[in-house]
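Engineer: One structure, as structure tokens, below. Some questions next.
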Amino acid sequence: MSKAKPKLALYWAASCGGCEIAVLAVNEKILDVAAAFDIVFWPVAVDAKVRDVEKMPDGSIDVCLFNGGIRTSEQEYMAQLLRRKSKALVAFGSCAHEGCIPGLANLNNREEIFNTVYKEGSATQPENPKNLRPLPETEVAEGTLHLPVFYDTLKTLNQTVAVDYYLPGCPPEAENILAAVTAIIEGKLPPPGSVIGKNTTVCDECPRKRNEKKIKKFHRTWEIIPDEETCLLEQGLLCCGIATRAGCGALCPAVNSPCIGCHGPNDGVLDFGARMMSALSSVIDSEDPEEINRIIQEGIPDPVGSFYRFSLAASQLRRKHRPANEKSATTK
């Protein structure tokens, strides 16, 4: 009697969907995955229903690759459901791991986001002249229509449920996905709670020449064409490789573009943005507070977008401060 194949689930929450495409980027090796696993839930590729998952015994799914942050009540429910049904829950990609680009919406509250999307003058206004907003419940002749509640704050996966492993990247590189799946198949995973991958920095993978970094001016990426051999940070481009976990092969610096930090921090770093700012403070070539302030303001006009592009939701900041007298649209 042949041994039953382990069960694999994949789910897409608040993200762009790039992680779903990244799974297919393993190319013909996706057949090896299909051969090794019984894929029981993958809404974008497999015809399986939520009710099918609900009927499964708890812990019957061996591995779930969960990509995306938690923005709505539906996504929160699916995170709780898949956590309960899965032996190993993997925060798959930067959105589940750190919040990523959707997490930057934490700079605004729910009402501000809805105003941008629905109010007069918005892109949807011609089709929505009455400025209607989505409601969790709406009564119609046929009964009550339900929509997921849109939360005020985007959460990472591990702020919602317990996570066993993290696979970083926006999206994770195909070879890293395959390595993680192989490790799962062979039972060679690191201890629970680990980030699957390397614990060095992108700088360690980058072949560019590095000298003593002394920066007098930061440039926006469109302002200069850097040479292809020298460290991009030394050329005044804000390259996050100095504070970003390795594992991508330094792909962005390889094409003359600075690292933007999508693999997140190394082990032991609590706040990627703070780590990045600390690293930069050591390379600015000035001891004059006014000159330092000018260098930063002129060259880094969007510090949150620069230092917390991928990690705001997971950071010590987490979201824009809400005044004590401001009532949230939801409790989330």
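Engineer: Just need a number here: residues in the range 246-262 that are surrounded by fewer than 24 Cβ atoms within 10 Å (Cβ to Cβ) and either in a helix (DSSP H, G or I) or touching a Ser or Thr at 6+ places or on another chain (Cβ under 8 Å) (or both).
Structural biologist: Of the residues in the range 246-262, 6 are surrounded by fewer than 24 Cβ atoms within 10 Å (Cβ to Cβ) and either in a helix (DSSP H, G or I) or touching a Ser or Thr at 6+ places or on another chain (Cβ under 8 Å) (or both).
Engineer: Say whether the condition of being without any contact (Cβ under 8 Å) to a residue 12 or more places away in the chain and either in a loop (DSSP other than H, G, I, E, B) or surrounded by fewer than 18 Cβ atoms within 10 Å (Cβ to Cβ) (or both) is met by at least one residue in the range 263-274.
Structural biologist: Looking for residues that are without any contact (Cβ under 8 Å) to a residue 12 or more places away in the chain and either in a loop (DSSP other than H, G, I, E, B) or surrounded by fewer than 18 Cβ atoms within 10 Å (Cβ to Cβ) (or both), one finds at least one in the range 263-274, hence yes.
Engineer: Here is a check on your reading of the model: is L147 within 30 Å of P192 (Cβ to Cβ) and of a type in the set (A, V, I, L, M, F, W, C)?
Structural biologist: no
Engineer: A183 is checked against (1) outside the structural domain of C262 (by TED's automatic domain parsing); (2) modelled with pLDDT of 95 or more and fails just one. What number does that condition carry?
Structural biologist: Of (1) outside the structural domain of C262 (by TED's automatic domain parsing); (2) modelled with pLDDT of 95 or more, only one is false for A183: (2).
Engineer: Another question, then. Against the condition of a type outside the set (K, R) and in contact with a Pro (Cβ under 7 Å, 6 or more places away or on another chain), how does Q297 come out, does it pass?
Structural biologist: Spelling it out, it is not the case that Q297 is of a type outside the set (K, R) and in contact with a Pro (Cβ under 7 Å, 6 or more places away or on another chain).
Engineer: Being over 21 Å from A313 (Cα atoms) and either part of a strand (DSSP E or B) or within 13 Å of the chain's Cα centre (by Cα) (or both) is the filter here, so list the residues in the range 81-91 that pass it.
Structural biologist: Within the range 81-91, S86, K87, A88 meet the criteria.
Engineer: Pull up the range 60-80, narrow it to residues that are surrounded by 18 or more Cβ atoms within 10 Å (Cβ to Cβ) and either assigned to a helix (DSSP H, G or I) or acidic (D, E) (or both), then point me to the one that is farthest from the chain's Cα centre (by Cα).
Structural biologist: Within the range 60-80, the match that is farthest from the chain's Cα centre (by Cα) is D62.
Engineer: Here's something else I'd like to know. Consider only pairs whose beta carbons are under 9 Å apart and that are at least six residues apart or on different chains; among these, list those whose first residue lies in the range 276-301 and is touching a residue at least 24 places away in the same chain (Cβ under 8 Å) and whose second residue is hydroxyl-bearing (S, T, Y) and part of a helix (DSSP H, G or I).
Structural biologist: Filtered contacts from the range 276-301: M276/S306; I300/S306.
Engineer: Just one of (1) surrounded by 14 or more Cβ atoms within 10 Å (Cβ to Cβ); (2) outside the structural domain of G268 (by TED's automatic domain parsing) trips up K213, so point out which.
Structural biologist: It is condition (2) that K213 fails.
Engineer: Sticking with this structure for a sec: Within the group P102, P57, which residue is at pLDDT 95 or above, in contact with a Lys or Arg (Cβ under 7 Å, 6 or more places away or on another chain), not β-branched (V, I, T) and not in a strand (DSSP E or B)?
Structural biologist: Only one candidate passes the filter, namely P102.
The values are calculated or read from the model by the stated rules, or taken from the named source; none is laboratory data. Because the structure is predicted, anything quoted here is derived from the model rather than measured. Every residue, glycine as well, gets a Cβ built from its backbone with ideal geometry; the counts of neighbours run over all protein chains shown.
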